[in-house]
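*Asks:* Questions regarding the structure given below will be posed in turn.
The values are calculated or read from the model by the stated rules, or taken from the named source; none is laboratory data. Just so we're clear, the structure is a prediction, and the values are computed from it rather than from any experiment. Here Cβ is always computed from backbone atoms with ideal geometry, including for glycine, and neighbour counts include all displayed protein chains. When the accessible area is computed, the model is the full protein with side chains, heavy atoms only, and any ligands, DNA or RNA have been set aside. Shrake-Rupley method; radii C 1.70, N 1.55, O 1.52, S 1.80 Å.
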Amino acid sequence: MTIYTTTGGPLGPLLLTGFKSADGVRLTSLTFATAVRPEWTEDAAAFAEITDRLRAYFDGDLRRFDLPHAVTGTPFQEKVWSAVDDIPYGTTTTYGELAERIGAPRDRIRAVGAAIGANPLLIIRPCHRVIGATGSLTGYAGGLERKRLLLTHEGALQPLFG
């Protein structure tokens, strides 16, 4: 049975979905979407640890998420996602550099981008840290403004004002 909660944050509401397991909640998605399916059951208490960690991240007290999740993809997606998980806080990498890191040929950069785009764990799996070859902010399921804000929060970009 899918459970969910929504939580606020500096980037707007976040929707968390998952299921209960013997060792707690297994997260299946974290998105900026707000659509909830009627068959889902709301259970904010089950997500308390996860929402506490998100709050710590936004407060600047947490730099890496280590949360149980139940997200699977194709072997290629999982290889890309593993490499994304290894991008350090406060840094960025390009799609090309990420492709090289996993041993994918240059003609597979679009496939790397598609795998990153299929990431259902926004913020937790830091796909916002992947940028274009020229340093441009490209592609983010939460929108480029949120990507810019996340990178600024982590110190990878300088604030535009202030």
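*Asks:* Being within 16 Å of the chain's Cα centre (by Cα) and among the β-branched types (Val, Ile, Thr) is the filter here; which residues of the range 95-121 pass it?
*Replies:* Of everything in the range 95-121, those that are within 16 Å of the chain's Cα centre (by Cα) and among the β-branched types (Val, Ile, Thr) turn out to be Val112, Ile116.
Per-residue answers, yes or no, for (1) at pLDDT 95 or above; (2) touching a strand residue (DSSP E or B) at 6+ places or on another chain (Cβ under 8 Å); (3) among the hydrophobic types (A, V, I, L, M, F, W, C); (4) open to solvent by 20 Å² or more (accessible area, probe 1.4 Å):
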site	(1), (2), (3), (4)
Leu121	yes, yes, yes, no
Ala133	no, yes, yes, yes
Glu154	yes, no, no, no
Pro159	no, no, no, yes
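*Asks:* Looking at Leu15, Leu30, which is the one that is in contact (Cβ under 8 Å) with a residue 60 or more places away in the chain, under 15 Å from the mean Cα position of the chain (by Cα) and closer than 24 Å to Leu149 by Cβ?
*Replies:* The match here is Leu30.
*Asks:* Just to be sure, is Leu150 open to solvent by less than 10 Å² (accessible area, probe 1.4 Å) and of a type in the set (A, V, I, L, M)? Break it down into steps so the answer makes sense when it comes.
*Replies:* Working: open to solvent by less than 10 Å² (accessible area, probe 1.4 Å): yes; of a type in the set (A, V, I, L, M): yes.
Judged against the criteria, Leu150 is a match.
*Asks:* Could you name every one of the strands (runs of 3 or more DSSP E) located completely within the range 1-118 that has at least 2 residues being within 23 Å of Glu154 (Cβ to Cβ) and open to solvent by less than 20 Å² (accessible area, probe 1.4 Å)?
*Replies:* Answer list for the range 1-118: 14-21, 24-31.
*Asks:* Looking at the structure I just gave you, is Gly139 open to solvent by 40 Å² or more (accessible area, probe 1.4 Å), on the phi > 0 side of the Ramachandran plot and free of Cβ contacts under 8 Å to residues at least 12 places away in the same chain?
*Replies:* Against the criterion (open to solvent by 40 Å² or more (accessible area, probe 1.4 Å), on the phi > 0 side of the Ramachandran plot and free of Cβ contacts under 8 Å to residues at least 12 places away in the same chain), Gly139 does not qualify.
*Asks:* Restrict the check to the range 130-150 and report whether at least one residue is in contact with a His (Cβ under 6 Å, 6 or more places away or on another chain) and of a type in the set (D, E, K, R).
*Replies:* Yes, the range 130-150 contains at least one residue that is in contact with a His (Cβ under 6 Å, 6 or more places away or on another chain) and of a type in the set (D, E, K, R).
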